[in-house]
Number of protein chains: 2
Amino acid sequence: MSKKDAILLVATHLLAIKGYKDTSMAEVAKITGVAQGTIFYHYNNKEELFLAILKSFQEDIVEEFSRFRREHNFPSGLEMIEDVIAFYLHMASQMEDRFMLLHRHDAYELARVNPTCHAYLEAIYNCLIDIFERAISTGQEDGSIRNVPARRMAMIVFTMVDGLVRFHTHNLYDAGVLYEDVVQSCRTILQNHVAPSRS
Amino acid sequence: MSKKDAILLVATHLLAIKGYKDTSMAEVAKITGVAQGTIFYHYNNKEELFLAILKSFQEDIVEEFSRFRREHNFPSGLEMIEDVIAFYLHMASQMEDRFMLLHRHDAYELARVNPTCHAYLEAIYNCLIDIFERAISTGQEDGSIRNVPARRMAMIVFTMVDGLVRFHTHNLYDAGVLYEDVVQSCRTILQNHVAPSRS
DNA sequence: TTAAATACTGACTGAGTACTCAGTTAGTAT
DNA sequence: ATACTAACTGAGTACTCAGTCAGTATTTAA
């Protein structure tokens, strides 16, 4: 791996677990095993390094989620929802550092003054919510999901699933026991009770 | 108001909107209109000031939520849920600064190494989730809410409502349009469809 | 009218910060 | 053999920060 990539990886981890202000470029350099100057050779300043992390996150997550849609087939929209929830949680543990970055305020504060940062964040959230929305729309077409506003319900489902992840990272409750309840709740909210042929 | 209280108020606001590391004691002093040393006279260090804020938040929120329960009567548990959601959002805008503090990582990081901080956080969350749980239990007794695990469902409802608040503070979506959907979703999840007399 | 306790002040300190820059090195083209 | 380049280095710079301290004002008690 190039030193540039190694710096990005170490910085992602430190920024995730310690936050922007508590992460010093000196520490990133030391852990990566490069000189401090090397970081500034590749990234002009701390903010650019942070943006590079968001950019790679956005690219990777779009890639992973579209691969998921390519490689899986779902018997119905309602069943797809459950697989999407499981996949989301899988990604959140696979990309633990970057999801933790999403749960910090650093990115949102930068987004207020930096349009590039705002664009990355929006792209990431759109990707995360899109996949729930797609499942709901699919379910509405095949009749397994009732007639609800797809985008807004996708955001609510997202909120619940993301809440699980946050409970876990905040270390206050054992979120694992909530998984089944969340899946069941989503089923209850979305499930169509009238026969599909009725519409 | 005493200078001590004034310092607490200003610090709460700054810590909420800028975060722990980005808030300097010098700025707190300047905005409050006291000398830097005055802060350290009342609070031994920055961490103690932070804990004092959490403590007052915990006390106030317990007070407000138990007042709500004292002063309101609810025709049924299911209807109580809707009022609780509205009240929660009311409190979140009333105590905007302190709820924003809850959405930052600062407190959770301190809680990892500081048992007092952990205790305050746990008390706050318990209070927030208790009121949802109480509504669900009430509804199960009067038959308006179905037989679901009360505590865990309370956490899920909390997750949705808190998600609304977070969307708002993160400034990414207009969360207002989601309110009705969240209330409707909660009703769908919890509502009892069998006649109360059947049990 | 003291004396003691409490409340407050702001200049100061030393550790830590992001970032710079003159210079080295390893590799490649001429 | 010479010239050139991108990657890399780490000591140095200017600055910010939490916390200290010696001293002053204000309140309380005898």
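At a glance:
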quantity	calculated
Single residue of segment A:10-46 satisfying the filter (hydrophobic (A, V, I, L, M, F, W, C) and within 17 Å of A:L102 (Cβ to Cβ)) that is farthest from DNA strand D (Cβ to nearest atom)	A:A16
Boolean, A:V161 is more than 10 Å from chain B (Cβ to nearest Cβ), at pLDDT 90 or above and within 16 Å of A:E96 (Cα to Cα)	no
Pick from segment A:171-184, criterion touching a Phe, Trp or Tyr at 6+ places or on another chain (Cβ under 9 Å) and buried (at least 20 other Cβ atoms within 10 Å of the Cβ), ranking: farthest from the other protein chains (Cβ to nearest Cβ)	A:A175
Test: residue in segment A:111-126 that is over 30 Å from A:N192 (Cα atoms), aromatic (F, W, Y) and buried (at least 19 other Cβ atoms within 10 Å of the Cβ)	yes
Flag if B:A26 is free of Cβ contacts under 8 Å to residues at least 12 places away in the same chain, more than 14 Å from chain A (Cβ to nearest Cβ) and either within 24 Å of A:R104 (Cβ to Cβ) or part of a helix (DSSP H, G or I) (or both)	yes
Segment A:29-69 - residue that is of a type in the set (S, T, N, Q) and part of a helix (DSSP H, G or I) and, of those, farthest from DNA strand C (Cβ to nearest atom)	A:S66
Meets criteria (polar (S, T, N, Q), without any contact (Cβ under 8 Å) to a residue 12 or more places away in the chain and within 13 Å of chain B (Cβ to nearest Cβ)) for A:N45	no
Hits in segment A:1-24 (condition: surrounded by fewer than 18 Cβ atoms within 10 Å (Cβ to Cβ) and of a type in the set (A, V, I, L, M))	A:M1, A:A6, A:L9, A:I17
Residue selected from segment B:1-23 under the condition more than 14 Å from chain A (Cβ to nearest Cβ) and outside any helix (DSSP H, G or I), by the criterion farthest from DNA strand C (Cβ to nearest atom)	B:M1
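The values are calculated or read from the model by the stated rules, or taken from the named source; none is laboratory data. Treat the numbers as computed from the prediction; the structure is a model and nothing was measured. Please note: Cβ atoms are built from the backbone with ideal geometry, for glycine as well, and neighbour counts cover all protein chains shown.
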